[in-house]
1. Touching a residue at least 24 places away in the same chain (Cβ under 8 Å) and within 15 Å of residue B:49 (Cα to Cα) - does that describe any residue in the range B:138-147?
2. Could you run through the range A:166-194 and say how many residues are buried (at least 17 other Cβ atoms within 10 Å of the Cβ) and away from chain B (no Cβ under 14 Å)?
3. Would you mind telling me which numbered condition in (1) surrounded by 14 or more Cβ atoms within 10 Å (Cβ to Cβ); (2) on the phi > 0 side of the Ramachandran plot residue B:170 fails?
4. Might you check whether a residue that is away from chain B (no Cβ under 11 Å) and surrounded by fewer than 20 Cβ atoms within 10 Å (Cβ to Cβ) occurs anywhere in the range A:137-159?
5. Please verify whether residue A:172 is touching a strand residue (DSSP E or B) at 6+ places or on another chain (Cβ under 9 Å), in contact (Cβ under 8 Å) with a residue 60 or more places away in the chain and not in a helix (DSSP H, G or I), treating the condition exactly as stated.
6. What are the residues in the range A:59-77 that are assigned to a helix (DSSP H, G or I) and in contact with a helix residue (DSSP H, G or I) (Cβ under 7 Å, 6 or more places away or on another chain), if any?
7. Across the range B:322-339, which residue is surrounded by the fewest Cβ atoms within 10 Å (Cβ to Cβ) among those that are in a strand (DSSP E or B) and within 13 Å of chain A (Cβ to nearest Cβ)?
């Protein structure tokens, strides 16, 4: 290995370890100041994932960095460690307060403020070497997202590492499933060749047992959120979402989800015993700003507004786990993933509009919140349509609020808080 | 040039023109398409007039209606298309066919379906990003489904024979277009970049047979002509986002640039994508093979294929610089530009990246920056 590359590897490793150190402290703090089982499990599992990446790199074992969401069980079957830039990268950015650093790096690389801020964060993080140097970089194109699809080639050229683009269609048709299955198989073959590894096909039995358990727990969480009185909190579905992405087919994910189910059941029992009734049942139709969960706490405490469904986080489609057809199952799981369902085709049977309407209707929500990333063309193009459809077909008001989901600064949260306050005032008035 | 005036008449009031009016008056169908991966030959073979959905050529349009329905983070090209749809200027459409080349296109068809409810058929052709045989096979089936949808909706039978006929007509357009671009290789070109854009715009707004006839005449009229009074300006190429504004190119050329080549989807891509196989054995397969392997859109993978072809064109047309039109929120273009600029730089072609909105004129700051770029590449 050339000296330059060795130096880069070390710099990246040292930078990444800084975020692991912060997560260690956060976890220690959480243990000393216990809140809920799931909250503690969340930080433990996240920390374990980060430790695993750190130890892998430290031991000189191969690491794969992936740009987007995908059921990464396929990598578990190769017994190779992977790091997700969306979820893991977001945690690095948050723990080390790198919002401005990554935004500046992306800008220097030629990206514009109007490009998706989440993808710019990932690019900036990679370019400023806060992500370990991968042995293979895998990029993909969730629901044909132009931003995330374009991220891979930019990163690949900057670091000159082996690279695979996992292609997919836009629609979850039979043709699309077959294509994705073929692409996943090619990716496995590429990884086997690059890393000198061999897929353990028998391992899928065990991996899918874990994935199926996660799926079962996910459906239970979704159902519990819809209960009366509402036991859910916004931070639950948000944390669930980010951790779920990191733990496909891993026991840590099961541990966390089980803790969350336990917490929800306990809260439901306690609320029922006390005869508590929430003031507002609120549906989260997209993603709550992950760095501003205190806003959610305020909504609950100040307005009695509780989350009764998270469409983009918990509205799973149907999955039949079949270890005899692992790649087909993985393709099916990809299209069943809530985020993929809500960011994908909007109209028609099985489209995002239908998924959102069903979830909102089933949860008997009084209102909906649609936080969208201002720089996301997928979300922003359908905001008006979604509001009109919710009003017309379900008679439910929807607050549409554009934010930069990566912006950690409190000023942004304060602006949103004012709008939320006004929204709940109007809701309260209409309830009288 | 008399024929150029005829093309101008086609474009002047677009989305309206006499060809579309006459077509509809004859009781025939019009199907709008967006963008270059939609095989217009299938539409034509069904006896319908394919019309490309764009904004107007006149320049910047007020987007009052479109901005109500989609946010600014949908690019201004798409919002221009939607604006015209919402104003009722595309009300003549009997169908709309969209390929999922970018989120803007995809979402446009969905918003159109919800709010502009008078289009009987809206069809989305799915399209992965790789340029491979698997995708050719995938897209062949997509085209077959699209053909079936048109047949069902309009009660027509699109036979292989009809498809082959439409392919031959479009191939003739491709040959003629290539000739138009070849003419721009000359040290003193016979036709300017702005004039070529007028021709290109018209090509997607009238029946191809008539278009081919007119373009043939234009070649005769061009002979021995000098497009630029000064002989030639500084030779540049355009890359990036869609462009229909003739005024923009006129202003650019008035500044002292000669736009001799472009790779825009509203421009040279048609000329530089080769021809569809005419052997007639499998016309749908031939269309799929052609469209997947055409001059790549910035969305396509691997992106280096597009970069390589752009660099080849830059050398072939001996340009001194490149101007990258990056419409804000045209994400595929913007993300690709840093690597493309680097590749052009390697062969001595500096790139000027121009952030703009679709239809935006060259004024104020943009003019000053372009003048500075011109001076820098001329070494003034």
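The values are calculated or read from the model by the stated rules, or taken from the named source; none is laboratory data. Predicted model, so just to flag it, every value in this text is computed and none were measured. Virtual Cβ from ideal backbone geometry, glycine too; neighbours counted across all protein chains shown.
1. yes
2. Residues in the range A:166-194 being buried (at least 17 other Cβ atoms within 10 Å of the Cβ) and away from chain B (no Cβ under 14 Å): 2 in total.
3. In the conditions (1) surrounded by 14 or more Cβ atoms within 10 Å (Cβ to Cβ); (2) on the phi > 0 side of the Ramachandran plot, residue B:170 misses (2) alone.
4. Within the range A:137-159, one or more residues are away from chain B (no Cβ under 11 Å) and surrounded by fewer than 20 Cβ atoms within 10 Å (Cβ to Cβ).
5. no
6. Matches in the range A:59-77: A:73, A:74, A:76.
7. Top of the filtered list is B:324.
For (1) within 14 Å of the chain's Cα centre (by Cα); (2) at pLDDT 95 or above, each residue gets a yes or a no:
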site	(1), (2)
B:187	no, no
B:198	yes, yes
B:203	yes, yes
B:209	no, yes
B:218	no, yes
